[in-house]
Ligand code: CAA
């Protein structure tokens, strides 16, 4: 039995309780704030405390998605956590999430990794699991959770952030239906961004990573465009919105231009004034209205693409239902995927369940001294038999948190304030 309709049925975001204003960081680093705010497109970035690790962020996002869309944990038959920031070389984040969400023992659970592509890899595996009929009516929970960490005083510092997006995938999706036939894949071995097993911080060749991202976009587009019947689905003029991996907001602008260039079959120069105007108008219509959450949360690596998608879906009105969107994921190293999907009938009635602005408004603004203290404290948070971590130290609200490592085992617990 094959299932033809597969897509996103529910969605939720969870991020850290604190953030840093980009203007504050710029002043502290002796940089013109316009570089971070206009040059990179970021107004703020989420800062996780030592108690908020990939596991705790993923649990909170998964919990919200199930609760807000009234899905019982027993309906979930597959759990995939996509992350660049796993907490163990062997044991997947998914096992901790599985326990805390009370999922059934006959639920398959995995961690998917390919830098920022990990969440999308989990999503496509979940969609294939459902499409082949092996889910037998059950749903998949896919969580993209990460802590983007480059370190203090690095060029990547203003492109940090943290957070998790949970997606429930089903054969009767309330939000978005994926097109199973038109998709593009791309893989090439490059050293644009990586994190050796011994390092808490990512290494990156920043400008090269941007070039690799754009080349991967063109490659994935060419693969999608080669599929039968692609001509009806792929052209940008027929798309209501285009979503891209968003390590920083300006990157989506560069991506949209390259997306058009792939379609034009050539790169644009200053001499192409009319076409550049067309690209700029298209960016204003199809991309920039949905980057509000990314601008204030920062980079959440594998979830950042879905943060833009969520911004769109929370604002969707009835006239957009049935329209097509493109979804481009990039993971350094590198790999990419380009998918197409249609806004589900009735999606507009679910916008209120998706809106994370209330949660974001409760975040506490850090000053740079506090931010730097948190970054330093995080460095020793995984020490074996170190001091137990206390969520009250960081003024955290109720939730499940990482409490330190004892006898080489990570400890998690519910904190009720
Ligand atoms: N006012 C306005 N704009 C200004 C400005 C000012 N005073 N000063 C500089 N700018 C602009 C620049 O013109 C530039 O914009 P354009 O790219 O449109 O020209 C922008 O601000 C950034 O300036 P620089 O390129 O000079 O900045 P930088 O060299 O310090 O580094 C960066 C930028 C490469 C993104 C760096 O932050 C970095 O290495 N980040 C991490 C790597 C990354 O995010 N790569 C993205 C692709 S890889 C990926 O996506 C995977 C992933 O998630 C990591």
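Start at zero, step by 10 Å, and the Cα-Cα distances of region 1-79 spread as 15, 29, 25, 19, 10, 2, 0 percent across the bins. Each residue in 378, 361, 120, 74 was given a count of other beta-carbon atoms within 10 angstrom of its own, and listing them fewest first yields 361, 74, 378, 120. By the count of neighbouring beta-carbon atoms within 10 Å, fewest first, 292, 277 end up ordered 277, 292. Specify whether the C-alpha gyration tensor of region 158-204 places it in the rounded, prolate or oblate class, a ≥ b ≥ c being the square roots of the eigenvalues: rounded for a/c under 1.5, otherwise prolate if a/b is larger than b/c and oblate if not. It comes out oblate by the Cα gyration axes. Note: relative contact order over the chain, using C-alpha pairs below 8 Å and six or more positions apart, is 23 percent.
Beyond 18 Å, how much of the Cα-Cα pair distribution for region 135-217 remains, as a whole percent?
64 percent
Shape of region 74-136 from its Cα gyration tensor (a ≥ b ≥ c, root eigenvalues): rounded if a/c is under 1.5, otherwise prolate when a/b > b/c, or oblate? Taking the square roots of the gyration eigenvalues as a ≥ b ≥ c, region 74-136 is oblate. Based on alpha carbons, the Rg and Dmax found for region 342-416 are 17.9, 52 Å. Counting only DSSP beta bridges whose two residues both lie in the chain, roughly 70 percent are antiparallel. For the chain, modelled as a GNM with alpha-carbon contacts under 10 angstrom, which of 252, 126, 388 fluctuates the most? So, out of 252, 126, 388, the one fluctuating most is 388. For region 222-308, the gyration tensor built on C-alpha atoms gives an oblate shape. Its axis ratio a/c (a ≥ b ≥ c) is at least 1.5, and a/b is not larger than b/c. The calculated Kirkwood hydrodynamic radius for the chain is 21.4 Å, given to one decimal from all distinct C-alpha pairs.
Along its three principal directions, the equivalent ellipsoid of region 293-417 from the Cα gyration tensor extends over semi-axes of 36, 19, 15 Å, largest first.
Helical content of the chain, expressed as a calculated mean residue ellipticity at 222 nm, amounts to -10000 deg cm²/dmol (DSSP H runs of 4 or more residues, -39,500 (n - 2.57) each, divided by residue number, nearest 500). Taking the fewest neighbouring Cβ atoms within 10 Å as the starting point, the ordered list for 90, 172, 109 is 90, 172, 109. One quarter of the convex hull surface built on the alpha carbon atoms of region 1-156 amounts to 10.7 nm², the projected area averaged over directions. The modelled label-to-label distance for the pair residue 106/residue 226, using points 7 Å beyond Cα in the direction of Cβ, is 4.1 nm.
Model label points for residue 409 and residue 390, set 7 angstrom from Cα along the Cα-to-Cβ axis, are 2.4 nm apart.
Each reported figure results from applying straightforward, stated rules to the coordinates on display, with no laboratory input. Quick caveat, the model's predicted, so the values are computed rather than measured. In this analysis, Cβ positions are derived from the backbone assuming ideal geometry, glycine residues included, and neighbour counts consider all displayed protein chains.
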